[in-house]
Each structure stands twice: as C-alpha cells, then as structure tokens.
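Read the structure below first, then the notes.
The values are calculated or read from the model by the stated rules, or taken from the named source; none is laboratory data. Since the model is a prediction, treat every value here as computed from it, not as a measurement. Here the Cβ positions follow ideal geometry from the backbone for every residue, glycine too, while neighbour counts run over all protein chains shown.
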Amino acid sequence: MKKQFLALLILLAMLAPVAIALAQDAPPPAPPADNTPPPQKKTLWEEWIRPLGWCGWPLAACSIGVVTMIILNSRMVTRKNLLPMAVVIPLRTAAEQRDVGQMYSLCRATPNLFTKGLLPGLRKINPDDPAASKEAMESAIAESVGREEAQVSFWINFLSLFASISPMIGLLGTVSGMIGAFGKIGLGGMGRPEQLAENIKEALFTTAAGLMIAIPAIFAFFLFRNNLSRIIREAEALYSEIMDALTGSGNLFAEADQQAPGTEG
C-alpha cells in the first residue's frame, strides 16, 4: 500500500510540469507577412494635372493668362505710371505762369495718361482770350481721358474674361467626367467602383480648377479697376486746377475768399 501511494506521488510529480504547461495560454500566432508594396509617392502630373483630362489644357492656358495679366496690370495701372507727380508739378507751375508753350513741351516729352489727356485741351486754347476757350478745352480733355481710360481698361478686362471662361470650362469637364462615369455604369461597372473613380475625379478636379483660376482673377479685376478709377478722379481734379490757373477763372473765387475776413473787420 505504501509502495502504491509512493508510486502515485512520483507519477503526479512527473505529470505536474505537463499540466502546468497545458494550463498556460498558447502564444498568439504570428501575423502573416504583408507582401503588399508600400504606396508610391505620386508626382504633380499624376496627382493634379492628369485627372483634369482634356480640360487641363484650356485651364492651363487660362491660368497662364491670368498670371500674365496680373503682372502686366500691376506694372501699368499705377499712379507713378499714369499720374507722375514729377510731371504734374511742373505743369501746374507753368499753368500759373500762363506759359502754354512750356506746358505743351512737357506733355510731348513725357507721354502718359495725364499728359495725353491734357495735350488736346492745350490745342484748343485761345491765347487772346483763354477764359473763353475753357469750355472747349475741358471738353477736349474729357474726350481724350475717356480714350486713354478705355485703352488701359482693355488689359484689365482680360481678367474678367478669364474669370468668366474658367468656371465654364470646369463645368464642361464636370459634364464630360460624369458622361464617362455613366457610360461605364451602362457597361456593367456598377459593381466595381474603382472603374468609376477616374471619371468622378476628373469631374470634381475640373470644377475645382476652374474656381481656383476664377477667384483670383475676379479679385485682381476689381482691384485694378478701382485703382484706375481712383487715378482718373485725381487726374480730373488736377485738370480742373490747371485749367483754372491757366484761364484765370479760379482766381476770382480765391481772391473773394481771402477778402471776406477783411471785409467783415
């Protein structure tokens, strides 16, 4: 009996490590090896330009046109270029001295919007009676300034043209992309969305590209347009001062304002 009990204890001692090993959790299986290649970095052409499809070419032309017009107008529609004070001040001094010949020479030597507008008015002056020819001079100046303003506005209006055309091209690209998508659906591609992704991407990218071109173009158009209007208003005020000094019609009011305080005293 004792021998059997001892044998049982020895058997239990031998089986204990096996039971402990079986009681422990089995290690988790190793994850399967990921054989998928890492995503490749797309180029600018593949990410932004290629999805535009055929609309990419006219949209690229519009974007180049907008940048060109912004650079051109930023150099042209400036006070220094259209209304240089280095020319306005000598003209005002010559007008106060009634030196029409000096004013004519200055206008011919420094062509700009202000001098080109003033030159036709100087041709209308009557040396014997400058005050009587003031109306004809102002009419000639107004007509000439209108022509000069239209010439400058010609280049500003291109920004409005590009701002109107770009969204239309983008919308046409959207319609083209959706037509391609529905065409693939008709061929049985509804169950495979990856076949429709290219056409839908083209539809969305063309719309976004058209708006990205149009928004800066509209902003630049109104910026240059308002700047030109401000310069024209300043030029008109300076024309009025020069005409008053040249014809002597403004001196009467200036003398009356100066004599009014002394008269009351």
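Could you tell me which residue of the stretch 143-156 is surrounded by the most Cβ atoms within 10 Å (Cβ to Cβ), considering only residues that are farther than 18 Å from Ala237 by Cβ and in contact (Cβ under 8 Å) with a residue 40 or more places away in the chain?
Ile156
Filter the stretch 229-263 for residues that are assigned to a helix (DSSP H, G or I), in contact with a helix residue (DSSP H, G or I) (Cβ under 7 Å, 6 or more places away or on another chain) and small (Gly, Ala, Ser); which is modelled with the highest pLDDT?
Ala235
Could you go through the stretch 180-192 and let me know if any residue there is part of a helix (DSSP H, G or I), over 30 Å from Glu96 (Cβ atoms), modelled with pLDDT of 70 or more and in contact with a helix residue (DSSP H, G or I) (Cβ under 7 Å, 6 or more places away or on another chain).
yes
From Ala163, Ala140, which residue is more than 30 Å from Ile70 (Cα to Cα), surrounded by 15 or more Cβ atoms within 10 Å (Cβ to Cβ) and modelled with pLDDT of 90 or more?
On the way: Ala163 fails: more than 30 Å from Ile70 (Cα to Cα).
Testing whether each residue is more than 30 Å from Ile70 (Cα to Cα), surrounded by 15 or more Cβ atoms within 10 Å (Cβ to Cβ) and modelled with pLDDT of 90 or more leaves just Ala140.
All but one of (1) outside any loop (DSSP other than H, G, I, E, B); (2) more than 17 Å from Met137 (Cβ to Cβ) hold for Lys116, so report the exception by its number.
(2)
Which one of the conditions (1) under 30 Å from Lys201 (Cα atoms); (2) touching a residue at least 24 places away in the same chain (Cβ under 8 Å); (3) surrounded by 14 or more Cβ atoms within 10 Å (Cβ to Cβ); (4) aliphatic (A, V, I, L, M) does Leu83 fail to meet, given that it meets all the rest?
(1)
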